[in-house]
Structures are given as structure tokens and as C-alpha cells.
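Bear in mind these aren't lab numbers, they're just calculated from the coordinates by the rules spelled out. The structure displayed is predicted, hence computed values, not measured ones. Note that each Cβ is placed from the backbone with ideal geometry, even for glycine, and that neighbours are counted across all protein chains shown.
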Amino acid sequence: MTTSHLDADVAVIGFGKGGKTLAANLGREGRRVVMIEQSAQMYGGTCINVGCVPTKALLQQAHERPGGEFTVAGERWFGHAMGAVHTLTGALRAKNFAMLDTLDAVTVVTGRAHFTGLHTLEVEAGADRLTVNAATIILNTGARPVVPPELAGSANVLTNASLLQADALPCRLAIVGGGYLGLEFASIFARLGSQVTVLDRAETFAARLDRDVALSVREVLTAQGVTVVSGARVGGVADGPDGASTIRYSVKGEARALVADRILAATGRRANTDGLALDAAGVDTYARGNVTVNAHLQTSQPHIYAVGDVNGGPQFTYISLDDARIVADHLGGAANPRTLENRGLYPTTVFLTPPLAQVGITEEEARGRGLDVVIASKAVAEMAAMPRARIVGVPEGMMKFVIDARTDQVLGACLFSVDSTEVINLLTLAMRHGVTASELQQGIYTHPSATEGLNEVLGARRG
Ligand SMILES: Cc1cc2nc3c(=O)[nH]c(=O)nc-3n(C[C@H](O)[C@H](O)[C@H](O)COP(=O)(O)OP(=O)(O)OC[C@H]3O[C@@H](n4cnc5c(N)ncnc54)[C@H](O)[C@@H]3O)c2cc1C
């Protein structure tokens, strides 16, 4: 065992989006930075290695796959698809490592960190120990999937990370959890040829969506071969001699069983704080393990910041990046620092086919708040002036806008349509800058594009 020591201006724990961005920028400014990442397979963090990038790359592969149901050829295609995904993630991982490693002021350490004092960390790398002393410490340790106890003990239960390492396409895939991650995986694997069943504990499918949008999403998933069981309470799972698993569950008290070859636990994620010995530094957490932060993302210790999923904010890569901007402003003494309070509107996308993108509030929320709203909505199949959907062969879905009847401001939009993952960013910017629904309706947009759908949908308003 060897023990060594490093002094730094800034120590970053975790190679996620926010942490690596801060490490690179502070290093370029000449501050001595130590980046500590527990796994060489995770340089670049969750997004690049086991999250956004591999899932969207696999979705792209699924779109290119010929044929429908599970076949030997389909299985072979899966092997080819996974190979392409891993080549991409491997290249991005190497690029991310090099981005920091080539900076003179930044030292990348591969090992698991925990606090030993207010400013001190110990990093374990096999038998070796490194102590790090830093004036400023940034926590960017992310979150991990939670596998519920009902699913424990089965060899077929996988997380997002292990499913993305699978070398064979599961013939029957059960997904426990009908949240956004569960539905994304359902849509991808159904397109790859698996028989997919989603067991969702919630009684109401996609409860945060307006019912008309949720119905449209459910219809599209069903047409793609996904079965969604709402109100499903999983009791346990047993592996049989043939290698398959039987999941016991109930719906409204009625006992049921589902046989599956693989089971994805998509039942939520928990902040990675338990191994950090936060007590040694006096850093407070909430009950679920998220680090408590103020509007500048300082923890209960002002020199320790927390960015990304670990602080309990919305779990998206671009939110982790925005967290990095907030911390950079605070560390740099910006005159008008960005804070959590002035973050404002942000868009989200669930990468189904077509993608489901949202910003602002739903009709149900608006009416619940007593707002006087006008609704503009249309099914994509009925939109004559948006041929883009038919050109790319994705004519499903709908576009819906919630508009303030008095001010003509767009309060919310839900675009379940081709290219919505791009259009939603334009809309968010427009909403942030007070562009009215009428101005958006009369915009000059390229043709054929999904954006020109705004011309038509916003013209179809009802009170
Ligand atoms: C399947 C899936 C799909 C997703 N798709 C999208 C998407 O399309 N778009 C989107 O915006 N978001 C998506 N997300 C969410 C997104 O990936 C996360 O919100 C984002 O990656 C969070 O990054 P982070 O900065 O919090 O840290 P992370 O990227 O999670 O990095 C944390 C790092 O800390 C390391 N670490 C933890 N503990 C220690 C320790 N004690 N010592 C040293 N290192 C440690 C970990 O190994 C890890 O590399 C997806 C997530 C999943 C799981």
C-alpha cells in the first residue's frame, strides 16, 4: 500500500457534466484542480457511459433495424447495434478524459473519495491511499438506480447500466416502473424486437401529462408493441429452471404473473452520498440522501458545493451543466450571479418515437390554478402543413399549447411529434423572452420542418 498527498485549490468528486465543466474551466483559469472519479469506465459520467448517449444511440440503431418482431436476425442486429453504441461511448469517454488530462493545472485521480475533515478527502484506489486537501470542494457524485426489495434475488434483474451491457436481446423484457426512463427503454426495446411489458405502480398512466396527450402516448406505445399495466403492485420474482423469471404482481387485488427473460428495474434513482462520509465535513442531506443546497448551490458548508443529480434537482445533464454555471458565477464573484431562483423555464424530452417534449405548464395545471386559458392542439396526422412527419415516416402524435387568454403568452407546450426535441428549445427561448402565441403562429419557418407546425397548430385555438 502506498499513501500520498495532494494540495489543490479545488477538488471535484465525480466526473459528471457539472463537475467536469467546472474542473476544465477552473483549470484553464490556472487554479490547481483535482478531479476524482471512482471508475475508469465512468470518465464523462452517467450521461456518456450509461445514460443519455447510449440510450439515444441505441434508439437510433433501433430505427435503422429492419423487420418487426423477435427473430434470429433481430438478435444478430442487436449485437451489431450494441457494438456501435459501445464504440461511440468508448470514444466519448476517452475524449472526456483527455479534455481534463491535457490541462496542466488539472490532475485526474481514479479512486473513490470520502471526507475525513472539512477540507480533506481520502481517495481509495485498490490498496493505495491518496489524501487531498482543497480550499473548495465540489460534489458531483450523481445518482444510481434503486432496485426495490421485491426484485432482489433474481439473476435476471437489470439496471439501465447492466441492460446497456447486455450481449443478447431479451425476447421478453419486463420493465418495472412506468416513469420516463421506463417508457424510453420500453419504446427502444420494442423497436429492437423484444416483447415489452411495463408494470407501472401508478393507477394513472403518465399522470403528469394532460389526459389527451397521455392517451396519444399510450396509443403510440401500444401500436409499437408495448403493453402497459397500470396499478401493478409487484410482490416478488422467482427464477425458473429454464432461466426465465416469473414476476408476481397484483392489480386492484387480483393476483397475476408475468414471465420474462430480463427485468429492468426503472423504479427511481437515489443520490450517491452514502459512501462520502459527509458527517466528517458537516454536510447536511435530506432524508433521501440528496445534499441540501442554497440558491448558489453551496451545501451547509460554504466552501463545499453540490452540482447535478446529487443535489436533488431535476435529473438532466443540461441541469447539471446549468448548476456548473451557477457555481462558476459564485466562485468568480459575478456581479449578477445566476442562481437556482432565476433559472426559469427549462424544457424536457422523453425520447420516444416520436419524442415527447414539454415546457411550462399543462392545461390541467393551468385550469387548476384558475387561469383563463385558450388551448391550441392538433393531431400530427391531421396537420396538412407539416409534411416533415410523413417524409420521415413518423406521422403519429400531437402538438398542444396552453395560452393565456388575456396576454396571449404561451404558458406551456407539449409536443409529441417528430423533431420536437429541437422545436421545444426554440419555444422555450420564445417563452422566456415573452414572444406571444400570435407572433409564433405568424413566424416564417423553413419548409419542410417540424417548426412550421406552429403556423398551423397555433391557428387552431379554442377557448
Ligand atoms: C438511462 C438514462 C437515460 C438518461 N437520458 C437522459 C437524456 O436523454 N437527457 C438528459 O438530459 N438526461 C438524461 N439522463 C439523466 C442524466 O444522465 C443525469 O441527470 C446526468 O448524467 C447527471 O450527471 P451528474 O452531473 O449529476 O453526475 P454523473 O454523470 O452521474 O456523474 C457522477 C460521477 O460520480 C462518480 N462517483 C460517485 N461517487 C463517487 C465517489 N465517492 N468518489 C469518486 N467518484 C464518485 C460516479 O462514478 C460518476 O461517474 C438519463 C439518465 C439515465 C440513467
For segment 242-285 versus segment 329-354, the gap between their alpha-carbon centres in whole angstrom: 30
In whole angstrom, how far apart do the alpha carbon centroids of segment 435-463 and segment 37-53 sit? 39
Provide, for q = 0.05, 0.12 Å⁻¹, the log10 of I(q)/I(0) from a solvent-free Debye sum over equal Cα point scatterers in the chain. -0.21, -1.17
Scalar couplings 3J(HN,Hα) for segment 86-98 by Karplus 6.51 cos²θ - 1.76 cosθ + 1.60 (θ = phi - 60°), nearest whole Hz, x for Gly and Pro, are 5, 5, 5, 5, x, 5, 5, 4, 5, 5, 5, 4, 4
Given a cut-off of under 8 Å on Cα pairs at least six residues apart, what relative contact order in percent is computed for segment 257-369? 15
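For the chain, what is the mean residue ellipticity at 222 nm derived from helices alone (per DSSP H run of n ≥ 4: -39500 (n - 2.57); sum divided by total residues; nearest 500 deg cm²/dmol)?
-9000 deg cm²/dmol
If contacts are Cα pairs under 8 angstrom and at least 6 residues apart, what is the relative contact order of the chain in percent?
14 percent.
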Cβ-Cβ cut-off under 9 Å around R32, Lys and Arg +1, Asp and Glu -1: the net charge is -1
Based on the alpha-carbon set only, what is the convex hull volume of segment 113-271 divided per residue, in Å³? 170
Label point 7 Å out from A94 along Cα-to-Cβ: which residues of segment 15-44 have amide N under 18 Å? 40-44
Antiparallel bridges, percent of DSSP beta bridges restricted to the chain (to nearest 5): 60
